[in-house]
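Before any comments, here is the structure.
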Amino acid sequence: MIAVAVETPLQDDVRVLVAELNETLLALTPPEFSFHLTVEQMAEPSTTLFVARDGGAAVACGALKRHDDAVGEVKRMYTRPSHRGRQIGAAIVERIEALARREGLRRLVLETGDRHPAAWTVYERAGFTRCGPVLDYPDSQYSVFYEKDLSTG
């Protein structure tokens, strides 16, 4: 049974999960176009981390980072290869969106890599649409941007 809950990133097993995420991203994207939050940054009040656990083991994560103008950003989405294809990422995105709506955020945005088609599928199934650069991200060949309007329905 997979359980998703808000947790602190400052746990050893979550640090390991985030290290795997960073390693995975750096294998696909040049470091200067990898926009990582550290676990310490993820522990700041502006960010809420969701962790999925299977039998107590951390297997996936994703975060909501709040910005000005009622904008939320989906960050640090990752599912261990052993657990992919089980809709865990979709469940985390659902929880992030629900929290954003409860807090009155009007828009969710995100930046992902140009070599992450599985991630695109998760976001598109959740109702996100591709857009131009968001927040202060540079426009580059390595980035794909998505947004979702939360002000309706």
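Laboratory data are not the source of any read-out in this text; all were calculated from the coordinates shown. Quick caveat: nothing in here was measured; it's all calculated off a predicted structure. Ideal geometry is used to build each Cβ from the backbone, glycine not excepted, and the neighbour counts take in all protein chains shown.
Across the options GLY72, MET42, THR121, the greatest Cα extent toward the positive end of the charge dipole of region 2-149 (unit charges at beta carbon of Lys, Arg, Asp, Glu) belongs to THR121. Listed by Cβ neighbour count within 10 Å, with the fewest neighbours leading, THR152, THR48, THR38, THR112 appear as THR152, THR38, THR48, THR112. Averaging 1/r over every pair of different alpha carbons in the chain and inverting the result gives a Kirkwood radius of 15.5 Å.
Taking GLU23, GLU94, GLU73 in turn, the Gaussian network model of the chain (Cα-Cα springs below 10 Å) assigns the largest fluctuation to GLU23. Fully extending the segment from THR24 to ASP68, taken as 0.36 nm per residue of separation minus the present Cα-Cα distance, adds 12.9 nm.
So, R0 is 30 Å and r is the distance between the beta-carbons of ASP139 and ASP12; what FRET efficiency does that work out to, to 0.05? Write out the running numbers ahead of the final one.
Numbers: r = 37 Å, r/R0 = 1.24.
Rounded to the nearest 0.05, the efficiency is 0.20.
Based on Cα contacts under 8 Å between residues 6+ apart, the chain shows a relative contact order of 20 percent.
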